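Chemist: Here it is: the structure, laid out below.
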Amino acid sequence: MGDEDWTDVVFTLDVACSDRDALDVTSNDLVVSNGAWPGVRPVGYTGDADGPPPPDAPRGILLVKLRRGQALRLKAIARRGVGKDHAKWSPVATAAFQYLPDISLDARLAASLTDAARDEWAAATPGGVFAHNKVSGALEVVAPERARFDGEAEAKAEELGVPGLVTITPRPRDFVFRVEGTGALPAGGVVVMGLDIMERKLRALHSALEAEPEE
């Protein structure tokens, strides 16, 4: 038996609209015809692997609407794969990585600016990283995690005649990793599984290097 026999789950559909004006065909009308992966079902599936769903089964995902006299017969294959082979198997919609910043403001240079200039400088950086405290008159870092290392804050400081007002450097050991899932797997589970795979690959590489004769 080939690998494809173990990674494919076959669904069949055979419905006809003959005794009513319209028929909603849903995921519950699919029949699972492969027992290799008995746990693989459409989301919310309440059908029967050996036949169509009972009449009182909860409504499934709408697939198509049939009119009187119409019929539909098809075979569908759910195939297991990984995102490395094709994006359709990726459980991640977006993944973003960024270092957390070290931000240092020069209070002396900030004090030399007018209130209007402080407002202008704080508003020049996207994301609301900085703010002008109207009570104390000071410039403050209010959202350091939004800093993008794009040079906007430094460029605006030079434009206002206060180069060196701010210094922003990445912290190489501290970072934020954001993962947005597609719903196929929990985002946290994707990260843990990725780390497990990386660990296995590193262990395999380490074993291969130890097996190599020393030069």
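We did not get these values from a lab; they are worked out from the coordinates using the rules stated. Quantities reported herein were computed from a predicted structural model and do not represent experimental measurements. Here Cβ is always computed from backbone atoms with ideal geometry, including for glycine, and neighbour counts include all displayed protein chains.
Chemist: Per residue, what volume in Å³ does the convex hull of the Cα atoms of the chain enclose?
Modeler: Taking only Cα atoms, the chain has a hull volume of 262 Å³ per residue.
Chemist: Another one. How large is the charge dipole for the chain, taken about the Cα centre, if only the Cβ atoms of Lys, Arg (+1) and Asp, Glu (-1) carry charge, to the nearest 20 debye?
Modeler: The dipole magnitude comes to about 780 debye.
Chemist: Which one of LEU205, PRO170, VAL190 is farthest out on the positive end of the charge dipole of segment 143-211, using unit charges on Cβ (Lys, Arg +1; Asp, Glu -1) and the Cα centre as origin?
Modeler: Farthest along the dipole direction, towards plus: LEU205.
Chemist: Below 8 Å, C-alpha to C-alpha, sequence gap of six or more: please give me the relative contact order for segment 100-172 in percent.
Modeler: Relative contact order for segment 100-172 comes out at 43 percent.
Chemist: If you don't mind, there's one more thing I want to ask. Let me have the relative contact order for the chain, percent, based on Cα pairs under 8 Å that are six or more residues apart.
Modeler: Rounded, it is 19 percent for the chain.
Chemist: Would you mind working out the magnitude of the charge dipole of segment 100-172 relative to its Cα centre, with +1 at each Lys and Arg C-beta and -1 at each Asp and Glu C-beta, to the nearest 20 Debye?
Modeler: Numbers: 7 positive and 12 negative charges, 38 e Å.
The calculated dipole for segment 100-172 is roughly 180 debye.
Chemist: Right, another one. Please report, in debye to the nearest 20, how large the charge dipole of segment 108-148 is about its Cα centre when each Lys and Arg carries +1 at its beta carbon and each Asp and Glu carries -1 there.
Modeler: 80
Chemist: Just going by the charge dipole of the chain, with Lys and Arg at +1 and Asp and Glu at -1 on Cβ, which of LEU13, ALA131, LEU66 is farthest out on the positive end?
Modeler: Farthest towards the positive pole: LEU66.
Chemist: Now, a different point. Could you tell me which residue out of ALA22, ALA76, GLY161 lies farthest along the dipole of the chain toward its positive end? Charges go on the beta carbon: Lys and Arg +1, Asp and Glu -1, centred on the Cα centre.
Modeler: In the chain, that residue is ALA22.
Chemist: Additional query: For labels at ALA96 and ALA111 in the simple 7 Å Cα→Cβ model, what's the distance in nm?
Modeler: The two pseudo-label positions are separated by 3.7 nm.
Chemist: Run through all the Cα pairs of segment 91-136 and give the fraction in each 10 Å bin from 0, expressed as whole percent.
Modeler: Distribution as computed: 20, 43, 19, 12, 6, 0 percent.
Chemist: Straight-line reach only, C-alpha to C-alpha below 29 angstrom: list the lysines that LYS88 could link to, leaving out same-chain residues fewer than 8 apart.
Modeler: LYS65, LYS75, LYS201
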